[in-house]
Amino acid sequence: MKQIKRTLKLLRRSPYHALAAILAMTLTFFITSLFVILILGGQLVLNYFEQQPELHIFFKEDVQDSKIEEIAQNTRTTGFVKEVKFISQEEALAIYRERFKDDPQLLESVTADYLPKSIEVAVTKPEGIIEITKLVKDKPEVEKVVSLSEKAIENLTSSVKVIRFGGIIFVSTLTVVSFLIIIMVVGMRIALRRDEISIMNLVGATKWYIARPFFLEGAFYGLVGASIAAFLTYAVLLFYSPNIQEFVEPIQIFPIHPVFFLYLWVGEVLIAAAIGVLGAAIALYRYLKIR
C-alpha cells in the first residue's frame with residue numbers, strides 16, 4: 001500500500017506526462033477492442049452464409065405446380081440439396097407484406113397475382129449453389145435464379161482476412177507508439193528524481209526498492225488505459241448495436257453477452273499492464289542500468 005501511495009504521489013508531480021501515457025494506452029486498446037469485435041462479427045457473418053447457403057428459383061407466370069416439382073426433384077439429384085421449400089404466390093405476398101410493412105404505399109396495389117411462384121433451395125455446400133444454378137437457369141419455366149454465389153462468399157472471406165491483417169498492423173503500430181511513450185515518460189521521471197535516487201543508493205536502498213514505484217507506474221498506465229478503453233467500447237456498442245443488428249438481420253450478432261466484455265477487459269488489462277511494466281523496465285535499464 002505504501003508503494004502505491006508513493007507511485008500516486010509521483011504521478012501528481014507531473015500529471016500531464018501521466019495523462020499522455022494513459023491516453024496513448026486508451027487509444028491503443030480502444031482501437032484493439034473495435035477490431036476484435038469487427039473481426040468476430042465478420043466471422044459470424046461468414047459462418048452464417050457458409051452454413052446456410054441457399055438460392056431462390058423464381059418461375060414464370062402460369063407454370064404448373066407439377067413442373068415446379070419436377071425442377072425441384074432435378075435439384076435434389078445434384079447431391080447438394082439439404083431442403084427444398086415451395087413458396088406459393090399467397091406465401092410470397094405474405095413475405096412481401098412483412099418485409100414492407102412500414103411502407104404502406106408499396107402494399108396498396110400489390111396482390112398475389114403480381115408475385116411469382118418460387119422454390120427456396122438450401123444446399124449443403126456453397127459449391128452447390130453454382131451447380132444448381134447451372135442446372136436450372138436455362139430452363140424455359142425459370143424466370144431468374146437469385147443466390148449468394150460462391151464468389152461472394154470468397155469475397156467476404158477475403159474481406160475478413162484483410163480486416164484481420166490490417167487490424168494487426170494498425171494495432172501493432174499503436175502498441176509500439178504507446179510502448180515508446182511509456183519509456184519516455186518513465187525515463188523523464190527518472191531524470192527528475194536522479195538526485196533523490198542517488199541519495200537512496202548512498203543510504204543502501206536496494207535496486208528493487210528504487211525500481212518498484214516505476215514498475216507500478218507503468219502497470220498503472222496500462223490498467224487505467226485499458227479500463228477506459230473497455231468502458232468506451234461497451235458504451236459505443238450499447239448505443240449502436242440496435243442499428244447494427246437491424247442492418248445485419250437475420251444474422252444474430254447483438255446483444256453481446258456482458259461476460260464477453262469482462263473477458264475482454266481482463267485480457268486487455270493484463271496485456272496493457274505487461275506493456276507498461278516492460279516499458280518501465282527498459283527505461284530503468286537505460287537510465288539507471290538496473291537489471
Practice item. Kindly provide the set of residues from segment 135-186 that are modelled with pLDDT of 80 or more and among the charged types (D, E, K, R), ordered by number. Key: Lys137, Asp138, Lys139, Glu141, Glu143, Lys144, Lys161, Arg164
Practice item. Kindly indicate whether Gly167 is touching a Phe, Trp or Tyr at 6+ places or on another chain (Cβ under 7 Å) and in a helix (DSSP H, G or I). Key: yes
Point to revise | Residue count for segment 230-266, restricted to those that are of a type in the set (Gly, Ala, Ser), surrounded by 16 or more Cβ atoms within 10 Å (Cβ to Cβ) and either within 16 Å of Val45 (Cα to Cα) or over 14 Å from the mean Cα position of the chain (by Cα) (or both) | key: 0
Check your understanding: Picking from Leu38, Leu55, Leu44, Leu34, which residue would you name as being surrounded by 17 or more Cβ atoms within 10 Å (Cβ to Cβ) and within 30 Å of Gly225 (Cβ to Cβ)?
Key -> Leu34
Exercise for review: Name every residue in segment 100-142 that is among the aliphatic types (A, V, I, L, M) and either within 16 Å of Ala72 (Cβ to Cβ) or assigned to a loop (DSSP other than H, G, I, E, B) (or both), in order of residue number.
Suggested key: Leu107, Val110, Leu115, Ile119, Val121, Ala122, Val123, Ile129, Ile132, Leu135, Val136, Val142
Check your understanding: Would a scan of segment 152-163 turn up a residue that is under 22 Å from the mean Cα position of the chain (by Cα), touching a residue at least 12 places away in the same chain (Cβ under 8 Å) and under 22 Å from Ile271 (Cα atoms)?
Key -> yes
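The values are calculated or read from the model by the stated rules, or taken from the named source; none is laboratory data. For clarity, every value in this text was computed on a predicted model and none was experimentally measured. Neighbour counts run over all protein chains shown; Cβ positions are idealised from the backbone, glycine included.
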